[in-house]
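**Student:** One structure coming up, written as structure tokens, with questions to follow.
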Amino acid sequence: MLRLKRLLVFSLFAVCVITAFSFWTTRQPGADARGALSPPPRAGAKLEMLSTGITTAVNVTRSPDAQWLIRAAAQTGIPARALRAYVAAAATANDSAPKCGIGWNTVAAVGFVESAHGTYGGGSLNTAGQASGPIVGPSLDGAGFAAIADTDAGALDGDARWDHAVGPMQFIPSTWHLVGRDGNGDGKADPFNIDDAALSAATYLCAHGRDLTTAQGWTDAIYSYNQSDPYIRQVRAQATAYAAKTGTAE
């Protein structure tokens, strides 16, 4: 009887130790409490042949073929000017980080969720890729959103007290200061320009050696952009829809 009691106590102790260890390992930094989603198919694109003597960032990596662009814009509902920027941004990011494997449809899906491709509030993009009006998100004052005190003296968002996400890809000013890129070769990084914003977003998603062709890499990338499971699912659904409409990369 005594042996049975000892065996029972030892078994309970072992269960407690195993449970505690499992909880500890899942809570370690870098451990993923989220379920990784399989990445959306990578949409294909037909690119222009590279011409010599071109120096701007977008053209060096080739813009999409004009006929393909017209057709894909009609298939997806993405404004052609925005689509051109997304394709160029993904190509540039993959040239810089070949392991990344980001598809233009992932960049486009983020652009759709963030600002409806720069058309939020009835706006549009001009031929230079510039938003027709400032695209500024709500005040990050802690009322329904994270509280982020001003980081740019209101230079980008017009608010010297609280930060706001800005531009077609909705960058927080402090993040833009770190990752903002010049995507159109005009010598400046402008979050309100779709070429600059799309390239910056693609570069940001590819950071830290992520491989977006894997479930973990893709999920981690989108989570780094917005720490919301519904957001990740929405981006994935939109990216998958774009790939289904235009065809996948071979």
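**Student:** Restrict the check to region 101-121 and report whether at least one residue is surrounded by fewer than 19 Cβ atoms within 10 Å (Cβ to Cβ) and of a type in the set (Asp, Glu).
**Tutor:** No, region 101-121 has no match at all.
**Student:** Follow-up. Here is a check on your reading of the model: is LEU125 open to solvent by 40 Å² or more (accessible area, probe 1.4 Å), among the aliphatic types (A, V, I, L, M) and touching a strand residue (DSSP E or B) at 6+ places or on another chain (Cβ under 8 Å)?
**Tutor:** Criteria not met by LEU125.
**Student:** One residue is enough: does region 52-75 have a residue meeting the conditions open to solvent by 20 Å² or more (accessible area, probe 1.4 Å), within 30 Å of ALA131 (Cβ to Cβ), modelled with pLDDT of 90 or more and in contact with a strand residue (DSSP E or B) (Cβ under 7 Å, 6 or more places away or on another chain)?
**Tutor:** yes
**Student:** For region 210-246, which residues satisfy the criterion of being in contact with a helix residue (DSSP H, G or I) (Cβ under 9 Å, 6 or more places away or on another chain), open to solvent by 20 Å² or more (accessible area, probe 1.4 Å) and not hydroxyl-bearing (Ser, Thr, Tyr)?
**Tutor:** ARG210, ASP211, ASN226, ASP229, GLN234, ARG236, ALA237, GLN238, ALA241, LYS245 - these are the residues of region 210-246 that are in contact with a helix residue (DSSP H, G or I) (Cβ under 9 Å, 6 or more places away or on another chain), open to solvent by 20 Å² or more (accessible area, probe 1.4 Å) and not hydroxyl-bearing (Ser, Thr, Tyr).
**Student:** Hey, could you check region 128-152 for residues that are more than 15 Å from ALA80 (Cα to Cα) and in contact with a helix residue (DSSP H, G or I) (Cβ under 9 Å, 6 or more places away or on another chain) and say which is surrounded by the most Cβ atoms within 10 Å (Cβ to Cβ)? Can you show your working first?
**Tutor:** The initial filter retains those residues of region 128-152 that are more than 15 Å from ALA80 (Cα to Cα), namely 132-152.
Checking which are in contact with a helix residue (DSSP H, G or I) (Cβ under 9 Å, 6 or more places away or on another chain) leaves us with 132-133, 135, 137, 148, 150-152.
Values: SER132: 14, GLY133: 13, ILE135: 24, GLY137: 18, ILE148: 17, ASP150: 17, THR151: 17, ASP152: 18.
So, considering only residues that are more than 15 Å from ALA80 (Cα to Cα) and in contact with a helix residue (DSSP H, G or I) (Cβ under 9 Å, 6 or more places away or on another chain), the one surrounded by the most Cβ atoms within 10 Å (Cβ to Cβ) is ILE135.
**Student:** Could you please find all residues in region 75-106 being within 17 Å of PRO41 (Cβ to Cβ) and outside any helix (DSSP H, G or I)?
**Tutor:** Passing the criteria: ILE78, CYS100, GLY101, ILE102, GLY103.
**Student:** Restricting to region 107-122, count the residues that are more than 14 Å from ALA43 (Cβ to Cβ) and among the hydrophobic types (A, V, I, L, M, F, W, C).
**Tutor:** 2
**Student:** Let me ask something else. Can you name the residue in region 202-250 that is hydroxyl-bearing (Ser, Thr, Tyr) and free of Cβ contacts under 8 Å to residues at least 40 places away in the same chain and, of all such residues, is farthest from ASP95 (Cα to Cα)?
**Tutor:** Of everything passing the filter in region 202-250, SER228 is farthest from ASP95 (Cα to Cα).
**Student:** Here's another thing I want to ask about it. So if I check each of LEU212, LEU156, which one is modelled with pLDDT of 95 or more, in contact with a Pro (Cβ under 7 Å, 6 or more places away or on another chain) and not in a helix (DSSP H, G or I)? So that I can check it myself, show each step before the final result.
**Tutor:** Numbers: LEU156 fails: modelled with pLDDT of 95 or more.
Just a single option satisfies the conditions, and that option is LEU212.
The values are calculated or read from the model by the stated rules, or taken from the named source; none is laboratory data. Bear in mind the structure is a predicted one, so any value in this text is a computation, not a measurement. For neighbour counting, all protein chains shown are included, and Cβ atoms are generated from backbone atoms with ideal geometry for every residue, glycine included. Ligands, DNA and RNA are excluded from the accessible area calculation, which covers all protein heavy atoms including side chains. Shrake-Rupley method; radii C 1.70, N 1.55, O 1.52, S 1.80 Å.
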